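What follows is a single structure, written as C-alpha cells, with notes after it.
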C-alpha cells in the first residue's frame with residue numbers, strides 16, 4: 001500500500017533529494033537515448049526548484065530546450081506539446097519498470113509544463129510500487145499514476161462536535177482507500193493543509209498529481225446527519241460517482257458514528273473483491289490514469 005505526500009521544494013534537503021531522483025531517471029536507457037527528453041526533464045525540474053514555474057511556457061521550452069530561434073511561434077507548431085507527451089510516457093514507463101521501488105516520484109501533469117514531486121511515505125510489506133497485497137498470479141497490477149486524494153468535507157455548521165466528526169471522517173476515508181491497495185492515496189493531512197490555501201480542488205489535484213478526488217459535505221438537521229460523498233475527475237471536474245448516507249447524530253458517540261459511516265461508505269466504494277469501486281468504474285479510472 002502507498003501513502004504519498006507532496007514534497008515541499010523550499011527546503012534545501014528536499015531539493016537535493018529531488019535532484020538525486022532526477023539523476024536516477026536520466027540514467028534510464030529510454031532517457032539516455034534521447035537528448036531532448038533529458039534536456040526537457042532537467043530544464044523543467046531545475047526551473048521549478050528555482051521557483052521559476054512562471055517561465056515554463058511553450059515558447060521558453062521551445063527556445064531553451066529544443067533550440068528554436070528567438071522568433072519561435074508555439075502557436076504555429078505543436079512540437080513542444082509532442083515532446084511533453086513523450087516525456088509523460090517516458091516517466092510512466094520508468095516508474096512501471098526500473099523506478100518501481102523509488103520513494104520519490106516526478107510526474108508531469110497533463111496540460112502543464114511544471115513537474116510535480118511526491119514522496120512515498122509507506123509501502124506495506126515492501127511490495128513493489130504499484131502492486132497490491134492482493135496480487136496473486138495473474139491478478140491486476142495497479143497503474144502507478146492512479147493517485148487519489150480525499151479533500152476535507154464541507155460543513156455549514158459551527159458545532160465543534162460536528163466539525164470534529166467531519167474532519168475525522170476525511171482521515172478515515174483516506175485510510176480506508178489506502179487499505180484497498182488499488183490506488184496511491186495522498187496523505188489526508190496534506191490535502192487538508194492545502195485546502196486552506198487553494199479553494200479550487202482542481203488546483204490541489206494538479207499539485208499532487210491526483211487523477212481523482214473524493215470530496216463531499218455533511219448536513220445536520222434535527223438529530224440527523226446526511227453525508228454526501230463525490231468522486232470527481234480532477235482533470236475536468238466531472239462527477240464520476242456519488243453516495244449519500246443518513247445517520248442519527250449523537251455527540252457522545254462521535255467515534256462510533258465515524259466508524260459506522262466509513263463502514264457504509266466503504267461498502268459502496270469497494271467491491272466484493274476488495275478493489276476500489278466496481279469493476280466498470282475501476283476500468284474507467286484505470287483507462288484515464
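What order do you get for 48-54, 187-193 when each peptide is scored by the mean count of other beta carbon atoms within 10 Å, highest first? Kindly include the intermediate steps, with their values, before the conclusion.
Numbers: 48-54: 14.3, 187-193: 19.3.
Per-residue Cβ counts within 10 Å, averaged per peptide and sorted highest first, yield 187-193, 48-54.
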(message) Could you tell me the relative contact order of region 7-119? Use alpha-carbon pairs under 8 Å, at least six residues apart, and round to a whole percent.
(response) 28
(message) Which order do the peptides 61-72, 158-169 come out in when sorted by mean C-beta neighbours inside 10 angstrom, highest first?
(response) 158-169, 61-72
(message) As a test of understanding, state the convex hull volume per residue of region 7-119 from its alpha carbons, in Å³.
(response) 93
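Once you sort the root eigenvalues of the Cα gyration tensor of region 147-288 as a ≥ b ≥ c, which label holds: rounded (a/c under 1.5), prolate (a/b larger than b/c) or oblate (the other case)?
Working: a/c = 1.92, a/b = 1.34, b/c = 1.43.
Cα axes put region 147-288 in the oblate bin.
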(request) State the Cα centre-to-centre distance between region 1-52 and region 144-209 in whole Å. (result) 26
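Laboratory data are not the source of any read-out in this text; all were calculated from the coordinates shown. As the structure is a computational prediction, the values presented were derived from the model and not from experiment. Positions of Cβ are generated from backbone atoms using ideal geometry, with glycine treated the same way; all protein chains shown enter the neighbour counts.
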